[in-house]
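Asker: The following block contains the structure, expressed as structure tokens.
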Ligand code: ADP
Ligand code: MG
């Protein structure tokens, strides 16, 4: 290709922000010549490169923004160890219809049974499908919202939070919440109601949520909205952490 022509083309691609095409253009041009690609195939190939690169960038951005604490998948979840939830139920959730329908998912059970693992795995599937996901522990969420009181930014923080399609609130119930924290969490649940999806994990059965929130009335109001359209996974059994520590006893 003529050098001036090539430089002009590169400038045009730069202006159009077609970075990937610019990167592969020379190689792709050579390939097109040797393989005698049609004009259409040549163009389609370049466009495909650009689209794939953009998808990849978006995926990386969404994954970073999701702040998942680690990489957990449904594929590496051992359903033979955790028998209180079926693979089928989890795979059905992983089809993400619940996100499309703005439904919630609540995982309840004692420590170590895989609640956070499954919540992350569903979050990861959602990121891969192009949804905006945000992972937080309930404690971090209420701390975060508490801090907004200092500069009166609660509303705008709530808006930012609800710009996500899925908000994962991990570990509800480990610590009791005061009136402010309870109210803030209620507002998140109320604003997300029928608009977004929440994935909540808790070590406490619903009957005990009254003592997690500052009052039974706010617990009831929160549960009412959270559980209206919900998929509940009740996980039971031994802690996987202990299984890993004491492999011999379980065999
Ligand atoms: P929980 O949130 O219920 O306390 P986690 O999801 O954090 O428990 O699980 C504790 C650890 O055990 C994590 O490393 C998780 O990946 C692993 N784990 C739990 N259950 C399973 C399982 N059934 N198969 C594979 N790993 C599991
Ligand atoms: Mg957990």
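The values are calculated or read from the model by the stated rules, or taken from the named source; none is laboratory data. This is a predicted model, so every value here is computed, not measured. Glycine gets a Cβ as well: all are built from the backbone with ideal geometry, and neighbour counts include every protein chain shown.
Asker: Yes or no: residue 157 outside any loop (DSSP other than H, G, I, E, B) and either over 18 Å from the mean Cα position of the chain (by Cα) or surrounded by fewer than 20 Cβ atoms within 10 Å (Cβ to Cβ) (or both)?
Answerer: yes
Asker: Can you list the strands (runs of 3 or more DSSP E) lying wholly within region 165-251 that have 2 or more residues being surrounded by fewer than 18 Cβ atoms within 10 Å (Cβ to Cβ) and either within 16 Å of ligand 1 (Cβ to nearest atom) or at pLDDT 95 or above (or both)?
Answerer: Filter on region 165-251 gives 230-234.
Asker: Would you point out which residue out of 76, 140, 55, 41 is in the same structural domain as residue 223 (by TED's automatic domain parsing) and either away from ligand 2 (no atom under 16 Å from the Cβ) or surrounded by fewer than 16 Cβ atoms within 10 Å (Cβ to Cβ) (or both)?
Answerer: 140
Asker: While we're here: Among the numbered conditions (1) within 30 Å of residue 61 (Cα to Cα); (2) within 16 Å of ligand 1 (Cβ to nearest atom), tell me where residue 159 comes up short.
Answerer: The number of the failed condition is (2).
Asker: Which one of the conditions (1) free of Cβ contacts under 8 Å to residues at least 40 places away in the same chain; (2) in contact with a strand residue (DSSP E or B) (Cβ under 8 Å, 6 or more places away or on another chain); (3) under 23 Å from residue 58 (Cα atoms) does residue 165 fail to meet, given that it meets all the rest?
Answerer: Against the list (1) free of Cβ contacts under 8 Å to residues at least 40 places away in the same chain; (2) in contact with a strand residue (DSSP E or B) (Cβ under 8 Å, 6 or more places away or on another chain); (3) under 23 Å from residue 58 (Cα atoms), residue 165 comes up short only on (1).
Asker: Checking the condition within 16 Å of ligand 1 (Cβ to nearest atom), crowded, with 22+ Cβ neighbours inside 10 Å and more than 20 Å from residue 219 (Cβ to Cβ), which residue from 122, 107 passes?
Answerer: Sole residue among the options that is within 16 Å of ligand 1 (Cβ to nearest atom), crowded, with 22+ Cβ neighbours inside 10 Å and more than 20 Å from residue 219 (Cβ to Cβ): 122.
Asker: Follow-up question, since we're still on this one. Of 133, 200, which residue is within 16 Å of ligand 2 (Cβ to nearest atom), touching a helix residue (DSSP H, G or I) at 6+ places or on another chain (Cβ under 9 Å) and in contact (Cβ under 8 Å) with a residue 60 or more places away in the chain?
Answerer: Sole residue among the options that is within 16 Å of ligand 2 (Cβ to nearest atom), touching a helix residue (DSSP H, G or I) at 6+ places or on another chain (Cβ under 9 Å) and in contact (Cβ under 8 Å) with a residue 60 or more places away in the chain: 200.
Asker: Oh, and also: With (1) within 12 Å of ligand 1 (Cβ to nearest atom); (2) more than 22 Å from residue 189 (Cβ to Cβ) as the list, and residue 116 as the residue in question, which single condition is left unmet?
Answerer: It is condition (2) that residue 116 fails.
Asker: Do the conditions hold for residue 16, that is, is it at pLDDT 95 or above and more than 25 Å from residue 57 (Cβ to Cβ)?
Answerer: Against the criterion (at pLDDT 95 or above and more than 25 Å from residue 57 (Cβ to Cβ)), residue 16 does not qualify.
Asker: Next question, about the same structure. Checking residue 17 against (1) in contact with a helix residue (DSSP H, G or I) (Cβ under 9 Å, 6 or more places away or on another chain); (2) farther than 30 Å from residue 91 by Cβ; (3) in a loop (DSSP other than H, G, I, E, B): exactly one of these is not met. Which one?
Answerer: Of everything listed in (1) in contact with a helix residue (DSSP H, G or I) (Cβ under 9 Å, 6 or more places away or on another chain); (2) farther than 30 Å from residue 91 by Cβ; (3) in a loop (DSSP other than H, G, I, E, B), residue 17 misses just condition (1).
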